[in-house]
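Working notes, structure below.
The values are calculated or read from the model by the stated rules, or taken from the named source; none is laboratory data. Note that the coordinates shown come from a computational prediction; the quantities given were computed from them, not determined experimentally. Heads up, the Cβs are rebuilt from the backbone with ideal geometry, glycines too, and the neighbour counts pull from every protein chain shown. For accessibility, only protein heavy atoms count, side chains too; no ligands or nucleic acids. Shrake-Rupley method; radii C 1.70, N 1.55, O 1.52, S 1.80 Å.
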Amino acid sequence: MPLLEVDRLTKSFGGIRAVSGVSFAIEQGELLGIMGPNGSGKTTVFNLIAGALTADAGSIRLHGEEIGGLSPHRICGKGVARTFQFVRPFPGLSTLDNVRVGLLYGRSPGRTDARKLLTLVGLDAKAHTRAADLTLVERKRLELARALATSPDLLLLDEFMAGLNPAETAGAMDLIRTLVAQGMTVLMVEHIVWALMKLSRRILVLSAGEKIAEGPPEAVAADSVVLDAYLGSDPGSWIRAA
Ligand SMILES: Nc1ncnc2c1ncn2[C@@H]1O[C@H](COP(=O)(O)OP(=O)(O)O)[C@@H](O)[C@H]1O
Ligand SMILES: [Mg+2]
């Protein structure tokens, strides 16, 4: 049984079909990448899975159990954690205390160690720095530690690498590889396509709310339907080395 199974998921905002009949599944321990032009519905898919939004139609099953329509807190309790495209830690709290808040919110308070999580994401030296004083890349790493603090089975990463410089992007890729090597299942939305293609064995492509392709990175990168959806961007940049 897949860890997550999304079936014909549909969501409109007024007249806009943000997500239209999208189906996919993720196996335990897999990293599945989602790409698509701006406004193609990627974040909406995340919001539906994490419970920030309720679908108009379709189902979302985690370990075979329907989670669509549950509150974000219940869905977190069932093992889904997410980072936000626009990071928002508690600015006045220290890095360490921000992670502790994540621990309290999570499934197994006391089981996971906040300091260990800071070490995992490379922020141990910043434990007592106020979140407001962190750089963008540090705030993203904190956001990830907070998500991991809830002991998720499934981690949703929304544009984790957006705004990072090449060295920071390479570091973020290493960190994601480490998580997957430790057995984490990751669903990842990323605008930096070459990074997504390096990390994923399978990629799903959204355009205007619909799934237009799904497959290995090489097949997706050569798909004329995908290239059309990205018209105006430079596909050569997709395969640039990290
Ligand atoms: N809360 C909302 N209210 C109204 N429209 C929204 C809302 N969220 C997203 N949309 C619209 O839905 C479409 C998909 O948005 P989104 O999922 O954020 O795309 P992506 O993450 O792929 O850039 C866009 O047209 C966007 O303007
Ligand atoms: Mg988005």
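Data overview
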| read-out | value |
| --- | --- |
| Matching residues in the stretch 152-183 - criterion: being within 15 Å of the chain's Cα centre (by Cα), not hydrophobic (A, V, I, L, M, F, W, C) and not in a helix (DSSP H, G or I) | P152, D153, D158, E159 |
| Residue check, A18 within 20 Å of M188 (Cβ to Cβ), within 17 Å of the chain's Cα centre (by Cα) and among the aliphatic types (A, V, I, L, M) | no |
| Subset of the stretch 76-102 (residues that are closer than 17 Å to D113 by Cα and out of contact with any Pro (no Cβ under 6 Å at 6 or more places or on another chain)) | S94, T95, L96, D97, V99, R100, V101, G102 |
| Given (1) more than 16 Å from ligand 1 (Cβ to nearest atom); (2) open to solvent by 10 Å² or more (accessible area, probe 1.4 Å); (3) not acidic (D, E), index of the condition S207 fails | (1) |
| Qualifying position, being away from ligand 1 (no atom under 12 Å from the Cβ), exposed (fewer than 14 other Cβ atoms within 10 Å of the Cβ), not aliphatic (A, V, I, L, M) and not assigned by TED's automatic domain parsing to the domain that holds D158, among D113, D97 | D113 |
| Considering residues of the stretch 58-84 that are within 16 Å of ligand 1 (Cβ to nearest atom) and hydrophobic (A, V, I, L, M, F, W, C) only, the residue farthest from S12 (Cα to Cα) | F84 |
| Residues (of a type in the set (D, E, K, R), more than 16 Å from ligand 1 (Cβ to nearest atom) and buried (at least 17 other Cβ atoms within 10 Å of the Cβ)) located in the stretch 116-161 | K126, E138, R139, K140, R141, E143, R146, D153 |
